[in-house]
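First the structure, in the form of structure tokens, and then the observations on it.
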């Protein structure tokens, strides 16, 4: 599984690193990212890895889940937008190489497409799906309901936790969708694949 998706990602213009554990992935990223500015997308994967705390030791890191001082969440998103390096995970990764993310505010999908010197996607094995359609299904019907439940939104998917209802609730978090068919031009992209479950 990992051999196939890694090969396809490389053919689509990504650098690819495959590691066994989240600890190895965290060590690798901390070795790669030093003395720079770093933005984080909303990511349970990155939180489970303890990356914010570790990277903040040698970098200036902006994450709206950890706003500093009197800086608001919207202001932190802007600061993350202007960093040299951006980190995120994915809601779905097809073995054929498509990377899929669903977002509420749009910052994560925007920042992974344009504006940074380098973008890292850190993706656990639970995010992999056989093809694009199954990766999109996973993003909508597994990742989004779990995130809605985590955020305690008043949406059908958060209450039942079973699937996307394509609702019109004010608390809906799936408002923007990005699909990276291949690595966008103008930035360096690296996918760090981890051979264990991470995030939703």
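Counting just the residues of segment 120-158 that are farther than 20 Å from residue 44 by Cα and assigned to a helix (DSSP H, G or I), which one comes out farthest from the chain's Cα centre (by Cα)? Among those that are farther than 20 Å from residue 44 by Cα and assigned to a helix (DSSP H, G or I), it is 156. Residues in segment 84-119 that are over 20 Å from residue 2 (Cβ atoms) and in a loop (DSSP other than H, G, I, E, B): 84, 104, 105, 106, 112, 113, 114, 115, 116, 117.
When 142, 173 are screened for being in contact (Cβ under 8 Å) with a residue 40 or more places away in the chain, surrounded by 13 or more Cβ atoms within 10 Å (Cβ to Cβ), touching a helix residue (DSSP H, G or I) at 6+ places or on another chain (Cβ under 8 Å) and within 15 Å of residue 101 (Cα to Cα), only 173 passes. Out of everything in segment 159-174 that is outside any helix (DSSP H, G or I) and over 25 Å from residue 93 (Cα atoms), what residue ends up being nearest to the chain's Cα centre (by Cα)? The residue in question is 171.
None of 86, 52, 28 is surrounded by 14 or more Cβ atoms within 10 Å (Cβ to Cβ), within 18 Å of the chain's Cα centre (by Cα), under 20 Å from residue 117 (Cβ atoms) and without any contact (Cβ under 8 Å) to a residue 40 or more places away in the chain except 52. Note on segment 176-194: residues that are part of a loop (DSSP other than H, G, I, E, B) and in contact with a strand residue (DSSP E or B) (Cβ under 7 Å, 6 or more places away or on another chain) total 2. Against the condition in contact with a helix residue (DSSP H, G or I) (Cβ under 8 Å, 6 or more places away or on another chain), without any contact (Cβ under 8 Å) to a residue 40 or more places away in the chain, farther than 16 Å from residue 105 by Cα and in a loop (DSSP other than H, G, I, E, B), how does residue 197 come out, does it pass? Considered against the rule, which asks whether it is in contact with a helix residue (DSSP H, G or I) (Cβ under 8 Å, 6 or more places away or on another chain), without any contact (Cβ under 8 Å) to a residue 40 or more places away in the chain, farther than 16 Å from residue 105 by Cα and in a loop (DSSP other than H, G, I, E, B), residue 197 comes out as no. Against the numbered list (1) assigned to a helix (DSSP H, G or I); (2) under 30 Å from residue 131 (Cβ atoms), residue 17 comes up short only at (1). Only one of the listed residues (146, 125) is out of contact with any strand residue (DSSP E or B) (no Cβ under 9 Å at 6 or more places or on another chain) and under 24 Å from residue 23 (Cα atoms). That residue is 146.
Every number here is computed from the coordinates shown, using simple stated rules; none is lab data. Everything quoted here is computed from the prediction, not taken from an experiment. For neighbour counting, all protein chains shown are included, and Cβ atoms are generated from backbone atoms with ideal geometry for every residue, glycine included.
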